[in-house]
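Written below as structure tokens is the structure these notes are about.
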Amino acid sequence: LIVKRFKAESIPEAVSLVKNHFGSNAIILETRKVRKRGVFGRFRRPLYEVLAAEETPVAKPYEQDKKAAPDADLSQIQADIAEIKVNVCQNFKHGGEKLSHLFKTAYHYLVEQDLEPDLAEQLIGEIQRKAKSENAPLDVEWVKKALHETIATSIKCVDPSTIGEKSAVIPMIGPTGVGKTTTIAKLTANFAMLAKKKVGIVTADTYRIAAVEQLKTYADLIGVPLMVVYTPDDMKKAVQTFQDKDLILIDTAGRSQKHSLQMKELKALLDVLDHPETHLVVSATTRSKELINIADRFEIISYDNIIVSKIDEAISYGCIYNLGYHTNKTVTYLTNGQNVPDDIEVAEPNRIADLIMGGRFAWTKHKG
Ligand SMILES: Nc1nc2c(ncn2[C@@H]2O[C@H](COP(=O)(O)OP(=O)(O)O)[C@@H](O)[C@H]2O)c(=O)[nH]1
Ligand SMILES: [Mg+2]
């Protein structure tokens with residue numbers, strides 16, 4: 001009896017190797033899933049190993065099957081049997097194999113949602129430990145729920161009831177075109193009209209006339225005063241003028257984080273403020289690498305909060321997790337459209353986890 005091992009990336013592939021070697025009379029003795037070695041071995045494609053031999057009289061059952069279903073291709077039947085054997089092994093003999101497949105699928109899902117691979121691996125590690133300690137039923141639903149929970153507990157958001165209470169002075173900083181001015185308009189409308197707070201708006205975006213006019217239009221519509229500032233002294237005066245306000249929202253010109261002179265000017269303008277609650281506004285459609293660079297470079301102005309804009313335009317939300325992880329800042333608002341004042345929401349960990357876990361991905365079909 002000649003016995004030989006065949007390795008391939010799928011069972012049908014391995015079986016066809018067997019067939020090429022032994023002809024269609026080969027019999028499959030054993031099938032197993034083997035893992036490749038290496039640090040990331042658990043996330044690589046699996047290999048299947050088939051132990052096969054040339055047919056002996058013991059292999060009769062296969063012939064009977066063939067007679068019963070004359071049209072069925074022998075190698076297909078062999079592949080099916082081999083696959084069944086693998087599944088049986090996974091489900092009963094090596095529980096660990098099934099587990100690793102699930103976690104691998106989850107890892108691929110997270111990376112697909114643009115989570116940094118390192119962070120995705122870390123999250124998977126965490127839910128693997130959770131699975132062990134809770135002796136959890138290892139199915140897709142459990143893994144999704146555990147990921148959701150873990151993501152939600154690792155994202156810092158602000159308690160909505162404290163917004164606008166910590167500080168009365170809220171500057172918005174960030175790159176151009178991310179939605180700073182629109183967000184100020186939305187917040188002004190919400191605070192002034194719904195929360196009945198006394199709001200004043202200051203704009204330091206004097207580079208484009210249109211920018212001042214854009215905000216002036218909103219201020220007039222909502223019925224709140226607007227002051228335009230050019231210098232740090234103007235800024236001081238504006239804040240003094242608005243002393244009686246519950247809330248002062250400050251718009252700034254979009255700055256490129258790579259332009260250090262612009263950044264220094266902005267810093268000088270905001271340095272005169274007493275305990276400002278500075279918010280960095282970034283767009284969810286920006287790649288994670290740039291987002292983290294932006295977040296780092298704006299550190300010279302020192303800010304504690306992040307607003308993520310344009311979540312309506314983004315197709316994945318892992319960047320919010322990456323950003324939160326790297327900066328350890330609080331995410332305060334998400335904006336989800338151009339409409340003032342409606343398209344803004346208070347950021348909540350569960351909502352962000354919903355966004356990340358709600359991506360389109362075939363969990364059950366995903367292989368390797
Ligand atoms: N789709 C979408 N567009 C937005 C959002 N926020 C702002 N915008 C649009 O982005 C563009 C730039 O907004 P603007 O507030 O002027 O950005 P700024 O340069 O940071 O002040 C405008 O066309 C806004 O209507 C949002 O959440 N979703
Ligand atoms: Mg603007």
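The values are calculated or read from the model by the stated rules, or taken from the named source; none is laboratory data. The shown structure was predicted, so the numbers you read here are calculated from the model rather than taken from an experiment. Virtual Cβ from ideal backbone geometry, glycine too; neighbours counted across all protein chains shown. Surface areas here come from the heavy atoms of the whole protein model, side chains and all, with no ligands, DNA or RNA. Shrake-Rupley method; radii C 1.70, N 1.55, O 1.52, S 1.80 Å.
Annotations
- With respect to the stated conditions, Pro276 fails to be more than 16 Å from Met172 (Cβ to Cβ) and more than 12 Å from ligand 2 (Cβ to nearest atom).
- Test result for Ile155, β-branched (Val, Ile, Thr) and either without any contact (Cβ under 8 Å) to a residue 40 or more places away in the chain or within 30 Å of Lys264 (Cβ to Cβ) (or both): no
- Inter-residue pairs, beta-carbon under 7 Å, first in contact (Cβ under 8 Å) with a residue 12 or more places away in the chain and over 11 Å from Gln76 (Cα atoms) and in the range 8-26, second of a type in the set (Lys, Arg) and open to solvent by 30 Å² or more (accessible area, probe 1.4 Å), 6+ apart: Glu9/Arg45; Ala14/Lys7; His21/Lys4; Ala26/Lys19
- Among residues of the range 172-190 that are within 20 Å of Thr285 (Cβ to Cβ) and near ligand 2 (Cβ under 8 Å from one of its atoms), those with a Cβ under 7 angstrom from a residue that is part of a helix (DSSP H, G or I) and open to solvent by 10 Å² or more (accessible area, probe 1.4 Å), sequence gap 6+ or separate chain, pair up as Thr181/Gln214.
- Look at (1) away from ligand 1 (no atom under 16 Å from the Cβ); (2) surrounded by fewer than 18 Cβ atoms within 10 Å (Cβ to Cβ); (3) over 17 Å from Leu115 (Cα atoms) and you find that Ser256 fails only one, number (1).
- Lone qualifier among Lys236, Lys267 - being under 14 Å from Ile301 (Cβ atoms), away from ligand 2 (no atom under 16 Å from the Cβ) and open to solvent by 60 Å² or more (accessible area, probe 1.4 Å): Lys267
- Answer residue from the range 164-209, given it is of a type in the set (S, T, N, Q) and open to solvent by less than 20 Å² (accessible area, probe 1.4 Å) and is modelled with the lowest pLDDT among those: Ser167
- Selection within the range 114-153 - outside any helix (DSSP H, G or I) and at pLDDT 95 or above: Asp114, Leu115, Glu116
- Test: residue in the range 295-310 that is surrounded by fewer than 19 Cβ atoms within 10 Å (Cβ to Cβ) and farther than 25 Å from Ser260 by Cα: no
- Selection count where residues are within 16 Å of ligand 1 (Cβ to nearest atom) and either over 18 Å from Ile173 (Cβ atoms) or in a loop (DSSP other than H, G, I, E, B) (or both), scope the range 304-319: 9
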